[in-house]
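Quick note: the coordinates plus some simple rules give every number you see, no bench work behind them. From a predicted model like this one, the values you see are computed outputs, not experimental measurements. Note that each Cβ is placed from the backbone with ideal geometry, even for glycine, and that neighbours are counted across all protein chains shown.
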Amino acid sequence: MANNPAPFSDIGKRARDLLYKDYNFDQKFTLQIPSSTGLGLIATGSKKDQFFVGDINTLYMSGNTTVDVKVDTYSNVSTKVTVNDIFHSTKAALSFNVPDHKSGKLDVQYLHPHAAIDSSIGLNPSPQLELSAAIGSKDLCLGAEVGFNTTSASFTKYNAGIAFNKPDFSAALLLVDRGQALKASYIHYVDRPDGFTIATEITHRFSSFENRFTIGSSKLIDPHTVLKTRFSNDGKGAFQVQRAWRPNSLITLSGEYDPTKIFSSSTKLGLSLALKP
């Protein structure tokens, strides 16, 4: 099933990742400790303004089953149990939070050579239902997603999209925000030694006739350092420098300039450190 389409949520993902992934304007620290016994530990801490929040995440893997338990600084406990190949090409995940007894959710994913289907249902008396599907192949796929609130008997979302993927570029067109906006994205991998890549995203809102675009790039400064930049039509500019200073350990510096901010600082800087012994 190497040619099967990706889930609907992956339509336009390549461009989104280049433009937005790993941009962090706070101080963040992550320590990941893997284990040969199947039990791993991930500790995360971040400081935003004067507030510090953190969590400890334990990950246990045995056969086709993965158990993910996270505890944060507010004593909230999040648990997710994932079972792969519960049926042929089917993955199921059960998640819930403590003490929120209405947070239970069941997700099921089915991958077919020509389709990818994801469904989600809340495990409470008034569940939220979500369903997404993509058909086609890894090169060309068409998909849609819907969300339904059983309490109000109304649709919370309905989006559709199409993607065309090739090794050196990817293009996507999405109808989002319940048909209120059209979003187009494109990413191109230039054949250069520094791995130069450029991406753009354009959004048009039908109600206000507002157009927004963002353009970004990525290139290697050296074999261990990546520089990313992005600019948008409202004048915002951002950069990101990410260096792998040892295998699987990253240090990331992000910055953004916002000329629209008059009464507060127009510049934001963030530092992220991820360690994996």
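Return the only residue of 249, 254, 218, 208 being under 28 Å from residue 26 (Cα atoms) and surrounded by fewer than 18 Cβ atoms within 10 Å (Cβ to Cβ). Let's see the steps before the verdict.
Numbers: 254 fails: surrounded by fewer than 18 Cβ atoms within 10 Å (Cβ to Cβ); 218 fails: surrounded by fewer than 18 Cβ atoms within 10 Å (Cβ to Cβ); 208 fails: under 28 Å from residue 26 (Cα atoms).
On inspection, the qualifying residue turns out to be 249.
Out of 72, 107, report the one residue that is surrounded by fewer than 17 Cβ atoms within 10 Å (Cβ to Cβ) and over 27 Å from residue 45 (Cα atoms). Spell out the reasoning first.
Values: 72 fails: over 27 Å from residue 45 (Cα atoms).
Exactly one residue qualifies, and that residue is 107.
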Condition check for residue 46: surrounded by 16 or more Cβ atoms within 10 Å (Cβ to Cβ), within 24 Å of residue 120 (Cα to Cα) and of a type in the set (S, T, N, Q): no
Suppose we filter 106, 59, 18, 41 for residues that are of a type in the set (A, V, I, L, M, F, W, C) and within 30 Å of residue 167 (Cβ to Cβ); which single one remains? 18
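In the stretch 175-230, what count of residues is obtained for those that are basic (Lys, Arg), closer than 20 Å to residue 17 by Cβ and part of a strand (DSSP E or B)? Steps first, please.
Here is the first cut: in the stretch 175-230, the residues basic (Lys, Arg) are 178, 183, 192, 205, 212, 219, 228, 230.
Now restrict to residues that are closer than 20 Å to residue 17 by Cβ: 183, 192, 212, 219, 228, 230.
Checking the rest, the ones that are also part of a strand (DSSP E or B) come to 183, 212, 219, 228, 230.
Count: 5.
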Identify, by number, the condition in (1) more than 21 Å from residue 104 (Cα to Cα); (2) out of contact with any Asp or Glu (no Cβ under 9 Å at 6 or more places or on another chain) that residue 3 doesn't meet. (2)
